[in-house]
Amino acid sequence: MAQGNKMRTTLTRLFTFVLIIAACVLVLSGDTAAQCALCRSSVPQALAKNLNIAVIVLLAPPVTIFSAIFYIAFKNRKG
């Protein structure tokens, strides 16, 4: 049982580290160019920032779903 607690602690530390790194990347990234070349040329400059935010917002649910599935699969693995 001690090995299971040690693995859980290691996994928790790894997950916390990944979250901290992800938060730092998001906060420190500044202006990200999330648009493709076609969108950038066809959208007026005033709407470009909102489009970037929209692209990032639309990226959040698939990443969250994938992370949840990966977490559940990892938690319930055999062996």
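The values are calculated or read from the model by the stated rules, or taken from the named source; none is laboratory data. Keep in mind that this is a model prediction, so the values were computed, not measured. A quick note on method: Cβ atoms are made from the backbone with ideal geometry, for glycine too, and the neighbour counts reach across all protein chains shown.
Per the conditions (1) modelled with pLDDT of 75 or more; (2) surrounded by 10 or more Cβ atoms within 10 Å (Cβ to Cβ); (3) closer than 29 Å to residue 78 by Cα, the sole criterion not satisfied by residue 51 is (3).
Need pairs with beta-carbon distance below 7 Å; first residue in the same structural domain as residue 15 (by TED's automatic domain parsing) and closer than 19 Å to residue 25 by Cβ and within region 56-79, second surrounded by 10 or more Cβ atoms within 10 Å (Cβ to Cβ) and among the polar types (S, T, N, Q); sequence gap 6+ or separate chains. From residues that are in the same structural domain as residue 15 (by TED's automatic domain parsing) and closer than 19 Å to residue 25 by Cβ, there are no pairs.
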